[in-house]
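Colleague: Submitted below is the structure of interest, expressed as structure tokens.
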Amino acid sequence: MRVLVTGGAGFIGSHLCDALLGEGHSVLCADSLLTGRMANLAHLGNEPRFEFVRQDICQPFDPGKIDYLFHFASPASPVDYLKHGIETLRVGSLGTMNCLELAARYNAKYLLASTSECYGDPLEHPQKESYWGNVNPIGPRSVYDESKRFAEAVTMAYHRYRKVDTRIVRIFNTYGPRLQINDGRVISNFMKQALLGQDLTVYGDGSQTRSFCYVSDEVAGILALAKSDEHGPTNIGNPGEFTVLECAQVVLEVTGSNSKLRFDPLPQDDPKQRRPDIGKAKKLLGWEPKIDLRAGLRMSLEYFRTAVDAAGNCI
Ligand code: UDP
């Protein structure tokens, strides 16, 4: 197949490009490089089945015939989407519609990267796909949450009205090599701070929870969903749930760091708890994650060390 991956220079997008090439497909990666990085694709420089185009997919764009479109373009870390609020809303709305038009034109299959943020600060726990969420539509995070909720809505509309063969993955917190060390996420911040001997910045009292999925597990789930005929949203994440304080402890253990904790203010509308119910993915796709947080952080350690060393005094 000839596959278009929007946002293919991003963290998950670049791992997805690798996995698709590994399955023998030709991959065209389109990325505006607003938050994506060519460094994530550097190892594909000599790969004849790989093409890169620097492209903001909010602008009209014709990649030629494609068989599958994976729409992963969007800022995704809270620091990034709060910095690029308008661009985030634009890529979730205009960008997503452009992608769906392409899928319709070339009769290509389509998969949208959506998010656990669709559940907002959830009142149901763990989160099942049937839960409609608890999102503040005008809060600071709404630039991302509502952008992705609109992206899901327009994806379902193209499926219903234009018969596009669509899928929606709701991605929960994911980490691993290529997670940008300056993207402000909890794993990138804690790993960087631990390796530099700086205090780990715990927001609030650290009792809020997240569930962290290693990137190879996440991509395996995404590919399994891509091959299925399921059109409704599907959670792909690791149900192993940690408080932020527990996460800090695991990072200290894995890095062998003596860093202390520092307590900083909790960002507005920060979800208090998050854990995917993956019953649907297990039953439908026979997929479940294999790598727990400790093992995944150990597997990521070398990447974070190298990234912190390379950033040197720039951090
Ligand atoms: N967090 C933290 N310290 C940091 C970065 C994040 O305590 O340096 C917390 C944040 O408040 C949230 C959780 O860790 O409760 C996960 O944050 P992240 O930015 O990784 O992603 P989110 O799941 O909120 O999208």
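Colleague: Going through the stretch 150-207 one residue at a time, which ones are part of a helix (DSSP H, G or I) and within 15 Å of the ligand (Cβ to nearest atom)?
Modeller: VAL186, ILE187, SER188, ASN189, PHE190, MET191, LYS192, GLN193, ALA194, LEU195, LEU196
Colleague: Ok, one more. If you check ALA73 against the conditions, is it of a type in the set (Gly, Ala, Ser) and in contact with a Ser or Thr (Cβ under 8 Å, 6 or more places away or on another chain)?
Modeller: Here the answer is yes, as ALA73 does meet what is asked.
Colleague: Is at least one residue of the stretch 191-199 touching a residue at least 60 places away in the same chain (Cβ under 8 Å), surrounded by fewer than 19 Cβ atoms within 10 Å (Cβ to Cβ), within 27 Å of ASN40 (Cβ to Cβ) and hydrophobic (A, V, I, L, M, F, W, C)?
Modeller: Yes: the stretch 191-199 contains one or more residues that are touching a residue at least 60 places away in the same chain (Cβ under 8 Å), surrounded by fewer than 19 Cβ atoms within 10 Å (Cβ to Cβ), within 27 Å of ASN40 (Cβ to Cβ) and hydrophobic (A, V, I, L, M, F, W, C).
Colleague: Looking only at helices (runs of 4 or more DSSP H) that lie completely in the stretch 1-93, which have at least 2 residues being under 16 Å from the mean Cα position of the chain (by Cα) and surrounded by fewer than 24 Cβ atoms within 10 Å (Cβ to Cβ)?
Modeller: Qualifying helices (runs of 4 or more DSSP H): 11-22, 78-83.
Colleague: Continuing with this model, one more query. Can we say LEU297 is in contact with a Gly (Cβ under 6 Å, 6 or more places away or on another chain) and of a type in the set (A, V, I, L, M, F, W, C)?
Modeller: No: the conditions fail for LEU297.
Colleague: Among the residues of the stretch 257-266, is there at least one that is hydroxyl-bearing (Ser, Thr, Tyr) and either assigned to a helix (DSSP H, G or I) or within 30 Å of LYS227 (Cβ to Cβ) (or both)?
Modeller: no
Colleague: Test of understanding: among SER147, SER116, SER130, which residue is open to solvent by 30 Å² or more (accessible area, probe 1.4 Å), polar (S, T, N, Q) and under 24 Å from GLY221 (Cβ atoms)?
Modeller: SER130
Colleague: Can you tell me which residue within the stretch 107-119, out of those that are in a strand (DSSP E or B), in contact (Cβ under 8 Å) with a residue 60 or more places away in the chain and in contact with a helix residue (DSSP H, G or I) (Cβ under 6 Å, 6 or more places away or on another chain), is farthest from the ligand (Cβ to nearest atom)?
Modeller: LEU111
Colleague: Mind listing just one residue for me: the one in the stretch 251-274 that is open to solvent by 70 Å² or more (accessible area, probe 1.4 Å) and of a type outside the set (A, V, I, L, M, F, W, C) and, of those, nearest to VAL143 (Cα to Cα)?
Modeller: This residue is GLN268.
Colleague: Also, quick follow-up: When you go through GLY221, GLY240 one by one, which is the residue that is under 19 Å from the mean Cα position of the chain (by Cα) and free of Cβ contacts under 8 Å to residues at least 60 places away in the same chain?
Modeller: GLY240
The values are calculated or read from the model by the stated rules, or taken from the named source; none is laboratory data. In this text the structure is predicted, and so the values were computed from the model without any measurement. Counting neighbours? That spans all protein chains shown, and the Cβs are built from the backbone with ideal geometry, glycine included. The area values use the complete protein model at the heavy-atom level, side chains included, leaving out ligands, DNA and RNA. Shrake-Rupley method; radii C 1.70, N 1.55, O 1.52, S 1.80 Å.
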